[in-house]
Amino acid sequence: MPRLRPLPFLPLLLAAACAAGAAAPPAPPAEEASVKPGINDAFLAEDADVAPWVARFENSERREIARCRDEIVAALGILPGTDLADVGAGTGLFLEPFVAAVGPEGSVAAVDISPAMVAHMDERIRAHGWTNARTVLCDAKSVGLADGSVDLVFICDTYHHFEYPLHTMASIFRALRPGGRVAIVEFRRDPDNAWVLDHVRCSQEDVVAELERSGFRFRGEVPVPGLEDNYLVLFERP
């Protein structure tokens, strides 16, 4: 069963999490086309230099997600003992607060498609001695997690990098326990921000529609102090 603290603005979460029965995910189309060909090419080289990505992703002055990291984690209401997967974990920006939040009885799986990012996070985990954290190298259609192995999947500024979102979300559906949660942080498609409009294919409405098509229940947008360019939305696996 999921071990997330019920949020005051979503009073039905706990009751829904306790609902009996496990649903099967809708089958993704056998020939799902890539929605953004080549979007992950920069990350896929085995010898990619991670240092520039660390400087970019973890810069709290320039990146809203880094600046609001603690507020995002607090909004998730994670309880000790939670098994959590950070899908698209990148350089491991959220590793430290997630490891602390789940505690020694919980676990953190840092999932990424980039071999170089995964190697970097492996070094980070070893350096800090985080025995409850591990990395998972995924592929373009599956997050590579065992069925029924996690309570919460966190996807931060990564959903728009899913080339095959229906296949990827089907694998996440299988990985979650019944009543488990998906938390997605994504960019708002600001009509005045040319980079976002070019890079981020999906609006908030698109994200909700695609996850509902994948069998998830939309539970609402979660307010996070400091988030302006991004939003946090929550879903539940039946």
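The values are calculated or read from the model by the stated rules, or taken from the named source; none is laboratory data. These numbers were taken from a predicted model, which means no experiment stands behind them. Positions of Cβ are generated from backbone atoms using ideal geometry, with glycine treated the same way; all protein chains shown enter the neighbour counts. We work out accessible area using only protein heavy atoms, side chains counted, and drop any ligands, DNA or RNA first. Shrake-Rupley method; radii C 1.70, N 1.55, O 1.52, S 1.80 Å.
Here are some notes:
- Candidate residues 229, 147: accessible-area rank, largest first, probe 1.4 Å: 147, 229
- Estimated inter-spin distance, residue 188 and residue 44, nm [label 7 Å along Cα→Cβ]: 3.4 nm
- Derived scalar couplings ³J(HN,Hα) [the range 72-83; Karplus, 6.51 cos²θ - 1.76 cosθ + 1.60; whole Hz; x for Gly, Pro]: 5, 4, 4, 5, 6, x, 6, 9, x, x, 5, 9
- Assigned charges on the beta-carbon of Lys, Arg, Asp, Glu; the chain dipole about Cα centre (debye): 780 debye
- Summary of packing: across the peptides 56-67, 200-211, the per-residue average of other C-beta atoms within 10 Å ranks them, highest first, as 200-211, 56-67.
- Amide H contacts of residue 232 (H built 1.01 Å from N, in plane; Pro and chain starts excluded): 222 sit under 5 Å, all sequence-distant by 5 or more or on other chains.
- Amide H within-cut-off set for residue 182, under 5 Å, with H built and near neighbours excluded: 153, 235, 236, 237
- Each residue of the range 224-238 was assigned a 3J(HN,Hα) from its phi angle through the Karplus expression (A = 6.51, B = -1.76, C = 1.60, θ = phi - 60°), giving 10, x, x, 7, 10, 7, 10, 9, 10, 10, 10, 10, 10, 8, x Hz with x at Gly and Pro.
- ³J(HN,Hα), Karplus 6.51/-1.76/1.60, whole Hz, each residue of the range 105-116, x for Gly, Pro: 8, x, 8, 10, 9, 8, 9, 8, 8, 8, x, 5
- Measuring between their Cα centroids, the range 57-78 and the range 151-182 lie 20 Å from each other.
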